[in-house]
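Okay, so here's the structure we're looking at.
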Amino acid sequence: MTSNQTALPQIVSEQEWLAAREDLLVKEKELTRALDALAAERRMLPMVRIDKDYVFEGPNGTANLIDLFDGRRQLIVYHFMMAPGSDQRCRGCSSFVDNIGHLAHLHARDTTLVLVSPAPLLQIEPYKRRMRWTVPWFSSNGNNFNMDCGAGSGFGLSVFLRDGEQVYRTYYTTARGVDRLRADFNFLDLTPYGRQEDWEDSPEGWPQTPPYTWWRLHDEY
């Protein structure tokens, strides 16, 4: 559907627009306060001690879980879907990594972010170079780290806390819990047409396609 055939939002006076914007702002502030309360509750979740000795393969050789912290106290792990021997490249995981900003801002708050996949490092590194990513990426090939974290053969995001030499798992999310962290989706949610996917509640005539079908690797658009 071309732009001149696409339905447009209602056109009103500036005064009417400002009134509608103020009505929405009340709801946005309510949601912001609710999200702040949810974040506080998330921070107070209990945690579980990690006793298994997972061994990962990274660009500098083997590493255990505590090494992934890189000396910091908190660790965020994105479980990137990449199975051993598979040529398939997950467009969802790839676009998630595309949306990760400069890690210095996380490091400033004593937090490290890494990617972990079950594929061997020899399979990971060529794809990382192709995508021009700098996020540290480790292989969990040969251990049950992804399975134990709940990601299985899929994707997810785990959070860990280090206290000296002891590591604890504090949080896990997947599906829409990971989806909401993407900057591109959050930006699109601010626009009239949104993500333009057919699950969204949009007026008839808005441009929409099924989810996933429009996703591409960033060098394939």
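The values are calculated or read from the model by the stated rules, or taken from the named source; none is laboratory data. Please read these numbers as outputs of a predicted model, since none were measured by experiment. Virtual Cβ from ideal backbone geometry, glycine too; neighbours counted across all protein chains shown.
Among the residues of segment 28-55, those that are loosely packed, with under 10 Cβ neighbours inside 10 Å and over 25 Å from the mean Cα position of the chain (by Cα) comprise 51, 53. Screening segment 127-189 for helices (runs of 4 or more DSSP H) wholly inside it with 1 or more residues that are closer than 13 Å to residue 75 by Cβ and not acidic (Asp, Glu) returns the ranges 145-149. Across segment 152-163, not a single residue is classified as without any contact (Cβ under 8 Å) to a residue 24 or more places away in the chain, among the hydroxyl-bearing types (Ser, Thr, Tyr), within 26 Å of residue 58 (Cβ to Cβ) and touching a Cys at 6+ places or on another chain (Cβ under 8 Å).
Among the listed residues 89, 43, 73, identify the single one that is touching a strand residue (DSSP E or B) at 6+ places or on another chain (Cβ under 9 Å) and touching a residue at least 12 places away in the same chain (Cβ under 8 Å). When all the criteria are applied, what remains is 73.
Scanning segment 1-40 for residues that are among the polar types (S, T, N, Q) and either in contact (Cβ under 8 Å) with a residue 60 or more places away in the chain or touching a strand residue (DSSP E or B) at 6+ places or on another chain (Cβ under 7 Å) (or both) returns a single hit, 6. Checked against the criterion of being farther than 24 Å from residue 220 by Cβ, surrounded by fewer than 17 Cβ atoms within 10 Å (Cβ to Cβ), β-branched (Val, Ile, Thr) and at pLDDT 95 or above, the candidates 112, 173, 134 yield just one match: 173.
Looking at segment 91-101, can you tell me whether even one residue there is over 22 Å from residue 187 (Cβ atoms) and either at pLDDT 95 or above or of a type in the set (Lys, Arg) (or both)? No.
List the residue pairs whose Cβ atoms are under 8 Å apart, where the first residue sits in segment 196-221 and is closer than 15 Å to residue 8 by Cα, the second is among the aliphatic types (A, V, I, L, M), and the two are 6 or more positions apart or on different chains. These pairs meet every condition: 196/188; 203/7; 204/7; 205/7; 206/7; 207/1.
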